[in-house]
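Trainee: Below is the structure I would like to discuss, written out as structure tokens.
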Amino acid sequence: MTGEVYDRDKEIREAEIAGQRALSSLREADRQLGSARNWGLVDIFGGDMISGLFKHMKVNNASQCVEQAKRDLMVFSDELGDVRGIENMNVDVGGFLTFADFFFDGLIADVWVQSKINDSRRQVQEAISRVEYILRQLKAYY
């Protein structure tokens, strides 16, 4: 042991800060996916090259936001691991955000892309709910 004194309140605060950062990233990813979804609908129902371009820009933005959210969730998970005595309060990053890799891997059809956008948005919303739940649980440990 290095002689460091364990400060539970400090570790909980650090986990909360990381959780809030992850929540913010997830909310931005959700917003970007919602925008991509809207442009995708325009593209499917009579859009043109411009609407297709906007959809792909929004999908790219959403993909970048999801990647940031994944990084933030990993930090949150690490910070939760530093809090002693908290059981069953881990963030399964792999389970939450496995969907980020599909973007631009081969756009077969607009409908397929729209389906993937919707699936991704659902997963982001589930991740938001899970992080919110964990943050509420952390507050109970003060």
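Trainee: Which distance in Å, rounded to a whole number, links the C-alpha centroids of region 14-50 and region 59-83?
Mentor: Region 14-50 and region 59-83 have Cα centres separated by 15 Å.
Trainee: Ranked by accessible surface with a 1.4 Å probe, highest first, in what order do 4, 11 come?
Mentor: Numbers: 4 145, 11 30 Å².
Largest accessible area first, the list is 4, 11.
Trainee: Please arrange 55, 139 by accessible surface area, largest first, computed with a 1.4 Å probe and ligands excluded.
Mentor: Reading off the accessible areas and sorting them downward yields 139, 55.
Trainee: Sticking with this one: What figure, in Å² to the nearest 10, do you get for the accessible area of residue 75 with a 1.4 Å probe and non-protein molecules left out?
Mentor: Residue 75 has an accessible surface of roughly 60 Å² with all protein chains in place.
Trainee: Region 8-65: which chymotrypsin sites (Phe, Trp or Tyr not before Pro) are DSSP loop and have at most 13 other beta-carbon atoms within 10 angstrom?
Mentor: Those that pass, being in a loop and sparsely packed, are 45.
Trainee: Further question on the same structure: Per residue and in Å³, how big is the convex hull formed by the alpha-carbon atoms of region 1-70? Before the final figure, lay out the partial values.
Mentor: On the way: hull volume 5.0 nm³, N = 70.
Given the Cα convex hull of region 1-70, per-residue volume reads 72 Å³.
The values are calculated or read from the model by the stated rules, or taken from the named source; none is laboratory data. Please read all numbers here as calculations on a predicted model, not as lab measurements. FYI the Cβ positions are ideal-geometry reconstructions off the backbone, even for glycines, and counts take in every protein chain you see. Quick note on the areas: whole protein, heavy atoms, side chains included, nothing else; ligands and nucleic acids left out. Shrake-Rupley method; radii C 1.70, N 1.55, O 1.52, S 1.80 Å.
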